[in-house]
Amino acid sequence: MKLLIDDANIERIKHICEFYPIDGVTTNPSILAKEGRNPYLVLKEIREFIGPDAELHAQVISLTAEEMVKEGRHMVEILGEKAKTFIKIPTIPEGLKAMRMLSREGYKVTATAIYNPLQAYLAAKSGADYAAPYINRIDNLGSNGIQVARTMQDIFVSSGYKTRILAASFKNSLQVQELCESGIRAVTVAPDVIEGLIKHPCVDSADVTFVHDFENLCGEGKTMLNCEPNK
Ligand code: G3P
């Protein structure tokens, strides 16, 4: 399962990439707005840091198909890396039309704001490379985000669509784990939730105990690198 960062803050992105195996970065207009800077400067900075092989997803703002298409083409022109720059398009009727047009032109398309499996079905038929269900937001509507993603996957597999799921909107580790178990192809997760994937008091205390026991044996500050091998 691919793991992407759902954020546009370059310092947080750098920090997460230092420690975690990351496949790319996703943004949306609200995430970019939090940076309070020119969105292209932010996106170009992210691209420069993650390199040409990582995925970068950025969303159109327009609400008509023709404008979405123009905007998408322009974004890729500015950001480059056509094979790894995904144009995020909301899965509304105008969006479906734009997805068809852009995918025919060879652009990478991520169908976003998906709340039910039939939106995903329509996005897949419209040529989207990824379909992004909003797991936590679906849960908050009283439905089951994980189940929606699984149903989407069943539709894609049974109909032979090439579209992959890029699940978004997470608030906890269990949501990510359940999708991992289900063979979902990609998730995009905010930095604090990524860090939560590995956080556990038992892991921390085991680490402290191991260091403590080893230092009792070999002395303070000693590791397998600097303890005496011949005594
Ligand atoms: O791109 C969609 C995703 O960022 C939504 O996440 O946490 O705002 O529900 P959230």
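The values are calculated or read from the model by the stated rules, or taken from the named source; none is laboratory data. This is a predicted model, so every value here is computed, not measured. Glycine gets a Cβ as well: all are built from the backbone with ideal geometry, and neighbour counts include every protein chain shown. For the accessible areas, the whole protein counts, side chains as well, though only heavy atoms, and no ligand, DNA or RNA atoms are used. Shrake-Rupley method; radii C 1.70, N 1.55, O 1.52, S 1.80 Å.
Just for the range 68-99: of the residues that are more than 12 Å from GLY127 (Cβ to Cβ) and either acidic (Asp, Glu) or in contact with a His (Cβ under 9 Å, 6 or more places away or on another chain) (or both), which one is nearest to the ligand (Cβ to nearest atom)?
LYS88
Looking at ARG137, is it touching a Phe, Trp or Tyr at 6+ places or on another chain (Cβ under 9 Å) and farther than 20 Å from LYS70 by Cα?
In short, yes.
Can you tell me which residues in the range 143-195 are more than 16 Å from the chain's Cα centre (by Cα), closer than 12 Å to ALA120 by Cβ and of a type in the set (S, T, N, Q)?
Hits for the range 143-195 are THR151, GLN153, SER159.
List every residue pair whose Cβ atoms sit under 7 Å apart, with the two residues 6 or more apart in sequence or on different chains, where the first one lies in the range 8-23 and is under 18 Å from LYS84 (Cα atoms) and the second, anywhere, is in a loop (DSSP other than H, G, I, E, B) and among the acidic types (Asp, Glu).
Correct list of pairs: ILE13/ASP7.
Looking at (1) within 16 Å of the ligand (Cβ to nearest atom); (2) more than 18 Å from LYS171 (Cβ to Cβ); (3) not hydroxyl-bearing (Ser, Thr, Tyr), which is the only condition LEU102 fails?
Status for LEU102: all satisfied but (1).
Give me the pairs, please: first residue somewhere in the range 27-55 and surrounded by fewer than 18 Cβ atoms within 10 Å (Cβ to Cβ), second residue anywhere and of a type in the set (D, E, K, R), beta-carbon distance under 6 Å, and either six or more positions apart or on two chains.
Short answer, once both residue conditions are applied: PRO52/GLU81.
Say we look at the range 138-153 and pick out the residues that are among the polar types (S, T, N, Q) and within 15 Å of the ligand (Cβ to nearest atom); which of these is most open to solvent (accessible area, probe 1.4 Å)?
Residues of the range 138-153 that are among the polar types (S, T, N, Q), as a first pass: 140, 143-144, 147, 151, 153.
Cutting the leftovers down to within 15 Å of the ligand (Cβ to nearest atom) gives us 140, 143.
Values: ASN140: 119, SER143: 65 Å².
Once the filter is applied, the top-ranked residue is ASN140.
Could you list, in sequence order, all residues of the range 94-123 that are surrounded by 23 or more Cβ atoms within 10 Å (Cβ to Cβ), aliphatic (A, V, I, L, M) and touching a Phe, Trp or Tyr at 6+ places or on another chain (Cβ under 8 Å)?
Hits for the range 94-123 are VAL109, ALA111, ILE114, ALA120.
Condition test on PHE170, is it open to solvent by less than 60 Å² (accessible area, probe 1.4 Å) and assigned to a helix (DSSP H, G or I)?
Spelling it out, it is not the case that PHE170 is open to solvent by less than 60 Å² (accessible area, probe 1.4 Å) and assigned to a helix (DSSP H, G or I).
Looking at (1) outside any loop (DSSP other than H, G, I, E, B); (2) under 24 Å from LEU32 (Cβ atoms), which is the only condition ALA128 fails?
(1)
Please name all residue pairs, on different chains or six or more residues apart, with Cβ atoms under 7 Å, provided the first residue is in the range 115-140 and is at positive phi and at pLDDT 95 or above and the second residue is within 15 Å of the ligand (Cβ to nearest atom) and of a type outside the set (Phe, Trp, Tyr).
GLY127/VAL109
Would it be correct to say that VAL157 is away from the ligand (no atom under 16 Å from the Cβ) and closer than 19 Å to ALA111 by Cα?
Numbers: away from the ligand (no atom under 16 Å from the Cβ): yes; closer than 19 Å to ALA111 by Cα: yes.
Against the criterion (away from the ligand (no atom under 16 Å from the Cβ) and closer than 19 Å to ALA111 by Cα), VAL157 qualifies.
Is it true that some residue in the range 79-89 is among the aromatic types (Phe, Trp, Tyr) and part of a helix (DSSP H, G or I)?
Within the range 79-89, not a single residue is among the aromatic types (Phe, Trp, Tyr) and part of a helix (DSSP H, G or I).
Exactly one of these conditions fails for ILE135: (1) touching a Ser or Thr at 6+ places or on another chain (Cβ under 8 Å); (2) open to solvent by 20 Å² or more (accessible area, probe 1.4 Å). Give me its number.
Evaluating ILE135 over (1) touching a Ser or Thr at 6+ places or on another chain (Cβ under 8 Å); (2) open to solvent by 20 Å² or more (accessible area, probe 1.4 Å) leaves (2) as the failure.
Taking the stated definitions as given, is VAL211 modelled with pLDDT of 95 or more and not in a helix (DSSP H, G or I)?
On the way: modelled with pLDDT of 95 or more: yes; not in a helix (DSSP H, G or I): no.
No, not satisfied.
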